[in-house]
Amino acid sequence: MKNFEVLPLVFIAVAFGFVNTLYSQFLNPVYNQPVLPDVMGNVNVMETDGKKTYNRVYNVDSFPMFSGFPKTLAGTTFEGGILCNMDSDNDLEIVFNIGFTVQAWNYDGTTVSGWPQTVASYALEGAPAFGDIDGDGIEEIVVTNHGLTSGGFIFAFRKNGTPVPGFPINHGYSSRTPVLANMDNAGGLEIIVNKRLSGSGEVWIYRGNATTFPGWPKTLNHVPASSAAVGDITGDALPEVVMESYSGLFAWSSDGTPLAGFPFLMPNSDVNSYSSPVLADVDNDNIREIIFGTHVLGGGGYVYILKNNAAVLSGWPKATTQWIYGPPAVGYIDGDNLIDIAVGDQVISGSPIDQLYAWNRNGDPLTGFPVPLLNAINNQITIADIDNDNNMELICDDNTQTGGRGKYLAFNHDGTPVAGWDVNTSGATFFTTPMLGDVNRDGILDIAGAGCVTSPATANIYLWNTGTTFNANKIIIPMWQYNSRHNGVYGDNPHVGIEPVSGIIPRDFELKQNYPNPFNPVTKIRFSIPGAGNGFRSLLTKITVFDISGKTVARLLNSELAPGEYETEFNAAGLSSGIYFYELRAGEMKLTNKMVLVK
């Protein structure tokens, strides 16, 4: 739902025949003349308020843009793209669904070999998903499309752009982004999609060979409202599937058995649209809860947290003034050791009226929240430390344009605007979550995003270099729904820096001494998740660092890990010299070691 705002024109981002290495040219709408920003990204614009004429300086972009960007293509995109490795080098590529095409670019703006790929019949839906669906150890790209009321396909491509055997699947109307997950802890990832029917819907799971997963599809009581969330919420080390219909929330075991208490029917005359569920251990019992947002047709919305028996967590739901469309964002925001939930609301309005909300797990609003008088926030809030101040920032989309320019907004952990942040796009960032990572592996944080123009339908794809040191452990949401598989599992982050160190499946649960020790300021931690005694199942694994008083100072890992030997890195920059403890938890197992920071 769009939020229309009448504001003064400033200037319009336009694709010209030449660009410098950092910026596209811009067009001053008053004089209809191209201007080139200075080396710091500033442009000098002569404006008038009807009484006098004056100079005004605008900053085109607070971050330099990678050479070869922005990319401007016909068509639209929403929910965001992905960062993934599409070739044999170590760099990441940028992949977007735009119109009828799946686009893939290197960080220098060149097209990845074998791409783009064009799909037939209908425009693409949501974001592409990336994962190994056929069990050959190499990831594939999965996308969906659909018609206005019916019809649609599921496409799967290898990294070189060739179709995976058995695809496309003539599935029918599948809305939103496909989700990839290993439903049986064997072989490749499965594909989880919905199917919209007349007044009802279904949830389907396909294997990587295009056959249907046993026990599926399952029926919904209304049309599908969002993508699924897929992860272990019962502690059995197998994923459950959580899916919204317009009027309820459903949850099934991997074999299709409904979880007790579901479907959950919202008690506040509210309904679901677009706010895909998120799975996270909110109450620290080592079992994930379900977090999702709703809206009331008469106005307002709610954020719910449910246990795996559909019981509502104490202190919830929390009400919002307007509708919720974006998936909740879950992570530690304000440093008080209580996990937090952030979401934005949206309504059609001629002036800023929407808000950015953040609560801790108990339902208490964080200091400085809600942030008022914003334009509609339609997508998931990005949580990351983007300036290395050891505090989290929140990035959100905005559905307005001023003189053709859209923007991403950024707020500190206390709700104040991030100083100097001025990230602009040609077209609105409406419904497009930005992506964060070190794309060219130079140790600097990069941000990718998109601005879309509605008439004619045009997508502008951006890649910015922030100049800030990249720290994977400080990026909580690097892309829409936490990862390139879009499973909605908090902590399941492909860039967290957890690396397998061998092909051996250990027999014992082990947490080794960090090395070096003492250290300053970086050290490595190696650990083992056993196989045989664990039934070779993946386990929810956490690594937490405490100071000598027991206060949590860092969370290095919160993710499902298969049996194996792993290594991660801890950077103690910003901490004082002293004794610290690091704790490894996997399932019911727990180990703790001591380390010494000497500066």
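What is the calculated FRET efficiency for Asn309 to Asp389, with r their C-beta to C-beta distance and R₀ = 45 Å, to the nearest 0.05?
Calculated transfer efficiency: 0.65.
Please give every one of the lysines within straight-line cross-link reach of Lys407, meaning a C-alpha to C-alpha distance under 16 Å, and leave out same-chain neighbours fewer than 8 residues apart.
Lys2
Would you list, by chain and number, the lysines whose Cα falls below 20 Å from the Cα of Lys218, excluding same-chain residues fewer than 8 positions away?
Once the sequence-local lysines are set aside, what remains near Lys218 is Lys195.
So, in Å, what gap is there between the alpha-carbon centers of region 537-599 and region 364-435?
30 Å
Can you tell me the dipole magnitude for the chain around its Cα centre, using point charges on the Cβ only (Lys, Arg +1; Asp, Glu -1), in Debye to the nearest 20? Don't skip to the end; give the middle numbers.
Details: 33 positive and 58 negative charges, 106 e Å.
Approximately 520 debye in magnitude.
Rounded to the nearest 0.05, what FRET efficiency do Asp442 and Thr552 have when you use their Cβ-Cβ distance and R0 = 35 Å?
After rounding to 0.05, the efficiency reads 0.70.
Per residue, how many Å² of accessible area does the chain show with a 1.4 Å probe?
Counting only protein heavy atoms, the per-residue value for the chain is 37 Å².
Once you have the Cα-Cα distance between Asp285 and Thr111, take 0.36 nm times their residue separation minus that, and quote the gain in nm to one decimal.
Here the answer is 58.0 nm.
Give Lys474/Lys542; Lys307/Lys590; Lys318/Lys542 a once-over and call out the pairs whose C-alpha atoms are over 20 Å from each other.
Lys307/Lys590; Lys318/Lys542
Can you compute the charge dipole magnitude of region 423-516 about its Cα centre, using +1 on each Lys and Arg Cβ and -1 on each Asp and Glu Cβ, nothing else charged? Give it in debye, rounded to the nearest 20.
Around 100 debye, computed over region 423-516.
Over the chain, what percent of the accessible surface lies on carbon and sulfur atoms, probe 1.4 Å? Provide the component values of the computation, followed by the final result.
Working: 11870 of 22070 Å².
Carbon and sulfur together cover 54 percent of it.
Could you tell me the relative contact order of the chain? Use alpha-carbon pairs under 8 Å, at least six residues apart, and round to a whole percent.
RCO, the chain: 11 percent.
If you put +1 on each Lys and Arg Cβ and -1 on each Asp and Glu Cβ, how big is the dipole of region 104-252 around its Cα centre, in Debye rounded to 20?
Result for region 104-252 is approximately 520 debye, rounded to the nearest 20.
Pop the C-beta distance of Glu510 and Ser247 into the FRET formula with R0 = 60 Å and round what comes out to the nearest 0.05.
My answer for the efficiency is 0.80.
The values are calculated or read from the model by the stated rules, or taken from the named source; none is laboratory data. Quantities reported herein were computed from a predicted structural model and do not represent experimental measurements. Glycine gets a Cβ as well: all are built from the backbone with ideal geometry, and neighbour counts include every protein chain shown. Heads up: the accessible areas ignore ligands, DNA and RNA and are worked out on the full protein's heavy atoms, side chains in. Shrake-Rupley method; radii C 1.70, N 1.55, O 1.52, S 1.80 Å.
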